[in-house]
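Let me begin by presenting the structure, written as structure tokens, before commenting on it.
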């Protein structure tokens with residue numbers, strides 16, 4: 001896992017250097033190259049997510065906690081990554097206002113998805129008291 005992170009980091013540095021060189025002559029191509037690197041890096045990272053999900057499922061099932069709580073947690077995590085990636089792309093092309101709107105909407109949507117988790121926590125605390 002760590003070796004793969006080093007490879008992605010090195011690839012990112014190379015991509016960044018290429019973007020700087022290309023952007024001087026063709027800014028649109030530089031932006032597209034940066035976007036392509038971002039998508040590839042995310043695909044590699046999401047490919048590793050299966051291991052994390054399996055570990056979380058095993059831990060939750062052995063703890064007696066309702067496994068349905070895992071779904072919103074994973075959704076929120078995915079939403080956070082998608083939101084951050086979108087915000088970063090918008091900022092890279094100088095669209096800070098759009099980036100801010102995406103960030104706000106992402107946070108609101110994550111709060112909406114978190115409602116079942118908060119409800120379960122309140123129920124657990126209520127049953128203890």
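The values are calculated or read from the model by the stated rules, or taken from the named source; none is laboratory data. Bear in mind the structure is a predicted one, so any value in this text is a computation, not a measurement. Neighbour counts run over all protein chains shown; Cβ positions are idealised from the backbone, glycine included.
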Residue check, residue 84 against (1) closer than 29 Å to residue 33 by Cβ; (2) surrounded by 15 or more Cβ atoms within 10 Å (Cβ to Cβ); (3) without any contact (Cβ under 8 Å) to a residue 40 or more places away in the chain, all met but one. Which one? (2)
Test each condition in (1) out of contact with any helix residue (DSSP H, G or I) (no Cβ under 7 Å at 6 or more places or on another chain); (2) assigned to a helix (DSSP H, G or I); (3) surrounded by 11 or more Cβ atoms within 10 Å (Cβ to Cβ) for residue 28 and report the one that comes out false. (3)
Go through (1) modelled with pLDDT of 85 or more; (2) exposed (fewer than 13 other Cβ atoms within 10 Å of the Cβ); (3) in a helix (DSSP H, G or I) one by one and return the number of the condition residue 50 breaks. (1)
